[in-house]
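The values are calculated or read from the model by the stated rules, or taken from the named source; none is laboratory data. None of these values were measured; they are calculated from a predicted model. Please note: Cβ atoms are built from the backbone with ideal geometry, for glycine as well, and neighbour counts cover all protein chains shown.
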Amino acid sequence: MVWDLIIIGGGPAGLTAGLYGARAGLKTLLLEKAMPGGQAVLTEKIENYPGYPQGVSGPELMMSFMDQAMRFGLEFKTEEVTGIDFTGKEKAISTNENSYLSKAIVIATGSRPRFLDVPGEREFHGQGVSYCATCDGAFFKEKKVVVVGGGDSAVEEALFLTRYANEVVLVHRRDQLRATKVLQDRAKANSKMHFILDSVVEKIDGKNFVDKVQLKNVKSGEMREESTNGVFVFVGTVPNTWFLQGVVEMNNQGYIITHDLLSTSVSGVFAAGDVREKFLRQVSTAVGDGAEAAMAAERYIAELD
Ligand code: NAP
């Protein structure tokens, strides 16, 4: 059997592509290696998705995306893509369980947290080092945590952690945060938040569990030790494109380069959401991408016949 459209990745972009593809009458399959919702399910509250004036929980929003897509006949399979061959007229995909053929593909594999790559980070992963405040914040009740990074994720998650921890120290490598002003203002007004700027983490240390970090001031070169019970790392993301190396054109960070109608360098292969090179990575922009990529795929398929 040949599918009309296979979508790889079940975050907001993939689920929206699934909704639009299935609703347009395309035989549409979505392959997702884990649970639906992508990174958005790790967000406790999404405040800037239109239609929810009081905000909405990430898991709740993603479950409703999934329900809506399934209602229109999207087929969803929990399988991990292990190989692809986009050279033929029909695109071939293999997973840990099956092989598939499809007329068109939407890649919506998103991104994952970037590691700091410092001594102690791997050893203490799960022993005080975390990349998800929603998942692990509750373990740090009345404790002290260090948050690394200066973007929206770092500041938003640091604020979330103030619900549990009694002190949250944000360590950022420059003297200015990158996060949007509204988040910065909120963080600066929070008495549990402290900032160590112009500084990077050189080492994470402890016995069985994290108990300190070594920090270096990048301007003065001065080293200091900061005691902490945990380290939350939010230093950006890396795209999930390892299986596409040499197949579709990417920028030097591995994000897929898209053109008109979200087409990639391979005819019939489209990219949507955080996985592509773009200005703003949000649920709202992922939704727009998913809709556009699916409709572009529909047009591509119509022109094939
Ligand atoms: P980001 O915006 O790329 O920020 C990454 C931060 O980590 C930057 O402050 C960067 O420093 C720092 N950094 C990078 N590599 C580092 C290293 N090796 N050591 C120390 N620090 C390092 O990533 P993000 O915060 O994960 O956000 C990703 C996207 O999601 C953004 O588009 C963001 O706007 C969006 N987002 C939005 C919301 C929201 O709207 N509420 C929430 C979360 C995320 P520099 O500043 O010096 O580069």
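Among the residues in region 36-45, are any away from the ligand (no atom under 16 Å from the Cβ), modelled with pLDDT of 95 or more and either under 27 Å from Ile256 (Cα atoms) or surrounded by fewer than 18 Cβ atoms within 10 Å (Cβ to Cβ) (or both)? Yes. Restricting attention to region 230-254 and to residues that are at negative phi and without any contact (Cβ under 8 Å) to a residue 40 or more places away in the chain, the residue that is nearest to the ligand (Cβ to nearest atom) turns out to be Gln253. With respect to the conditions (1) more than 25 Å from the chain's Cα centre (by Cα); (2) farther than 30 Å from Val81 by Cβ, Ser267 lacks only one, and its number is (2). Say we look at region 100-123 and pick out the residues that are among the aliphatic types (A, V, I, L, M) and more than 16 Å from the ligand (Cβ to nearest atom); which of these is farthest from Gly11 (Cα to Cα)? Step by step, filter region 100-123, then rank; the result is Leu101.
Results for (1) among the aromatic types (Phe, Trp, Tyr); (2) part of a helix (DSSP H, G or I); (3) over 16 Å from Ala24 (Cβ atoms); (4) within 16 Å of the ligand (Cβ to nearest atom), shown as yes or no for each residue.
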residue	(1), (2), (3), (4)
Leu261	no, yes, no, no
Val266	no, no, yes, no
Phe270	yes, no, no, no
Phe279	yes, no, yes, yes
Thr285	no, yes, yes, yes
Gly290	no, yes, no, no
Ala296	no, yes, no, no
Tyr300	yes, yes, no, no
Glu303	no, yes, no, no
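Checking the stated criteria, Val210 turns out to be more than 25 Å from the chain's Cα centre (by Cα), touching a residue at least 24 places away in the same chain (Cβ under 8 Å) and buried (at least 18 other Cβ atoms within 10 Å of the Cβ).
Screening region 120-239 for helices (runs of 4 or more DSSP H) wholly inside it with 2 or more residues that are under 29 Å from Glu47 (Cα atoms), in the same structural domain as Thr109 (by TED's automatic domain parsing) and modelled with pLDDT under 95 returns no ranges. Taking the conditions (1) over 23 Å from the mean Cα position of the chain (by Cα); (2) modelled with pLDDT under 95; (3) within 16 Å of the ligand (Cβ to nearest atom) in turn, Lys89 satisfies each one other than (3).
Conditions (1) without any contact (Cβ under 8 Å) to a residue 12 or more places away in the chain; (2) in contact with a Leu (Cβ under 8 Å, 6 or more places away or on another chain), marked per residue:
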| position | (1), (2) |
| --- | --- |
| Arg174 | no, yes |
| Ala189 | yes, no |
| Met193 | no, yes |
| Ser199 | no, yes |
| Lys203 | no, no |
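When Lys77 is tested against the conditions (1) surrounded by fewer than 17 Cβ atoms within 10 Å (Cβ to Cβ); (2) more than 16 Å from the ligand (Cβ to nearest atom); (3) free of Cβ contacts under 8 Å to residues at least 12 places away in the same chain, the lone failure is (3). Screening Leu161 against (1) touching an Asp or Glu at 6+ places or on another chain (Cβ under 8 Å); (2) in contact (Cβ under 8 Å) with a residue 24 or more places away in the chain; (3) crowded, with 16+ Cβ neighbours inside 10 Å leaves a single unmet condition, (1).
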